[in-house]
Amino acid sequence: MSVESKKLKYNEISEKISAYRLALTTLNWDSSTIAPKKGASYRNKMAALLSGELFSIQTSDEYIALIDDLSKETLDDVTAREIRLIKNNLDKARYIPKEVFIEYAQLTRDAENVWEKARDDHDYEPFKPYLKKLIEMTKKVISYRKDDRPVYDQLIDDFETGITLADYDVFFKKLKEEIVPFLHKIIDKKIPEPTWLTRDVPIEQQRKVVDILMEYLNYDKESGYIGESAHPFSSHFSIHDNRVTVRYHQDMFTSSIFALIHEVGHATYNGQVDEDYQGRAIADSMTYGMHESQSRLYENMVGRSRAFWSSIYPKVQSVVDALHDVTLDDFILGINHVALSLIRIEADELTYPLHIMVRYEIEQGLFDGTYDVEGLDQVWSDKYEEYLGIRPPHNGLGILQDIHWSGGAFGYFPTYALGSAYSAQWMMAMQKDIDVDHCLENNDFRAVNEWLKQHVHRHGGVYEPNELLFAVTGENFNPQYYVDYLKDKYSKLYDINE
Ligand code: ZN
């Protein structure tokens, strides 16, 4: 077969894969938002059937041979990158014996059930043997790869290509040395959480706020949609169809605000990818950290900034009765309130990366033999006490709070902190080109989106994080921008002299 016919064949299969993906995304969106409960079992059965078909295409001898062939050909840069990404994933999976794969899948299903009950019972003991087995099985699954790097290094690379353990070590060391003592200065000020944060805000009023935000952020109803679900998420259907969900809490209205801004950040990223990549794997193969860098830039650097709120606060105040006596200054301080917190997903912007640091140190220790599952709940609690100044009263609020490990997702957590850190580096570069505060204050979010489109979004997954960071900011990932950003922002908010 000539290169041209191989490419034609590849495009034909890719399109079929895209069609299955679109169908599955639609089913998934539907079942997480509006689908009636009683239809779940039939719906799930049909979705499983489609997933099975997709799996067969992606693991067919024809497809694998085609990818292997194309990986040896001279191709244009974008196609070459796409083939490399697909081949890397194939190489990771192809030598795993089927029975090992099935055993692993079964283990994660069982472990998730055990974890859920253990978390509700606040009891680490029943989960402990599963955690041990999950680590053993992860090591086993990884051992079939033709890669001799240590297991945790490979896991880290699976979730964030090109970022190494050494990069993370530098990053978290900086957080430990600079942000932990800084946080303790804020905690010492003992500023109570403002009571207006938990005032009752009717859902109707919250929906009006969401409309105001949508308009400001240029999140367009022609190519987007806001649904409701138990946990907010964003869903990528195609370049012109990126939907998000929110959840309204009557007694915690700021939660829907920031969840929405976060998810719109994800949706805008997918929506501003170069149209030429429509339907191709490269359109949606950004790393976890890169995707999170866009949602966090939206949520924190834009959404929790004074410039942003100085522009829309009067409008928001006019539709939210509970804000009638809250000044803009009070509001800014409230949405950036730093609290001693036990739960990662409820943490504020400053403490969030420290929650991740705890998990990173523990994961690393579990794989290099520093820690064992025995007594790990105490290690967890000790680290929370040391870094975050608070000790969990029970394991449900401690080591059992996250689902990730029960699904075998080791190496995933650090990308959450990495996303925030990348976003500080993007922001630094953006500020050299445009006056971001001025744009935000003047309702000109288009300029921010346009900058992101030109420098980050349009490329989709064409570049690895460090390649793009270097091209745009002149250096590889540098965590100093993030540390400086956090200290600068919170020194001003909390009147701390650094
Ligand atoms: Zn996110």
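The values are calculated or read from the model by the stated rules, or taken from the named source; none is laboratory data. All values reported here derive from a predicted model rather than from experimental measurement. Here Cβ is always computed from backbone atoms with ideal geometry, including for glycine, and neighbour counts include all displayed protein chains. For the accessible areas, the whole protein counts, side chains as well, though only heavy atoms, and no ligand, DNA or RNA atoms are used. Shrake-Rupley method; radii C 1.70, N 1.55, O 1.52, S 1.80 Å.
Give me the distance in nm between label points sitting 7 Å out from Cα along the Cα-to-Cβ direction at LYS487 and ILE203, one decimal.
Each label point lies 7 Å from its Cα, and together they span 4.6 nm.
For the cross-link pairs LYS6/LYS453; LYS38/LYS98; LYS185/LYS489, which exceed 26 Å when the distance is taken from alpha carbon to alpha carbon?
Going by Cα-Cα distance, LYS6/LYS453; LYS38/LYS98 fall outside the 26 Å limit.
For the stretch 388-441, with every protein chain kept in place, what is the accessible area per residue (1.4 Å probe, Å²)?
So the stretch 388-441 comes to 30 Å² accessible per residue, rounded to a whole number.
Treating only the Cα positions of the stretch 412-459 as identical point scatterers, give the base-10 log of I(q)/I(0) from the Debye formula at each q in 0.27 Å⁻¹.
Listed by q, the Debye log ratios stand at -1.01.
Give the accessible surface of the stretch 1-155 per residue, rounded to a whole number of Å², with probe radius 1.4 Å and ligands, DNA and RNA excluded.
For the stretch 1-155, the per-residue accessible area is 62 Å².
Based on the Cβ-Cβ distance from VAL180 to GLU62, what FRET efficiency comes out when R0 is 60 Å, to the nearest 0.05?
0.65
Keeping the other protein chains in place, figure out the carbon and sulfur percent of the accessible area of the chain, with a 1.4 Å probe.
The C+S portion of the solvent-accessible surface of the chain is 50 percent.
Put one equal scatterer on each alpha carbon of the stretch 351-498, apply the Debye formula with no solvent term, and list log10 I(q)/I(0) at q = 0.09, 0.20, 0.22 1/Å to two decimals.
Each listed q corresponds, in turn, to -0.41, -1.21, -1.33.
By per-residue mean of other Cβ atoms within 10 Å, what is the highest-first order of 299-309, 449-459, 34-44?
299-309, 449-459, 34-44
In the calculated pair distance distribution of the chain, what percentage of Cα-Cα distances lie above 44 Å?
Cα-Cα pairs of the chain separated by over 44 Å account for 14 percent.
Peptides 227-237, 12-22: what's the order by average Cβ count within 10 Å, highest mean first?
Put in order of decreasing packing, that is 227-237, 12-22.
Straight-line reach from LYS176: which aspartates and glutamates have Cα under 20 Å away, leaving out those fewer than 8 places along the same chain?
Qualifying aspartates and glutamates at Cα under 20 Å: ASP167, ASP188, ASP348, GLU349, GLU361, GLU363, ASP382, GLU385, GLU386, ASP484, ASP488, GLU498.
Hey, can you find the accessible area per residue of the stretch 226-265 for me, probe 1.4 Å, expressed in square angstrom?
It amounts to 35 Å² per residue over the stretch 226-265.
Could you sort THR198, THR74 by accessible area so the largest value comes first, with the probe set to 1.4 Å?
Per-residue accessible area, sorted high to low, gives THR74, THR198.
³J(HN,Hα) across the stretch 345-352 via Karplus (A = 6.51, B = -1.76, C = 1.60, θ = phi - 60°), whole Hz, x for Gly/Pro?
Once rounded to whole Hz, the list reads 6, 9, 6, 7, 4, 6, 7, 3.
Evaluate the distance, in nm, between pseudo-label points positioned 7 Å from the Cα of LYS139 and of GLN454 along their respective Cα→Cβ axes.
Going by the 7 Å Cα→Cβ label model, 5.1 nm.
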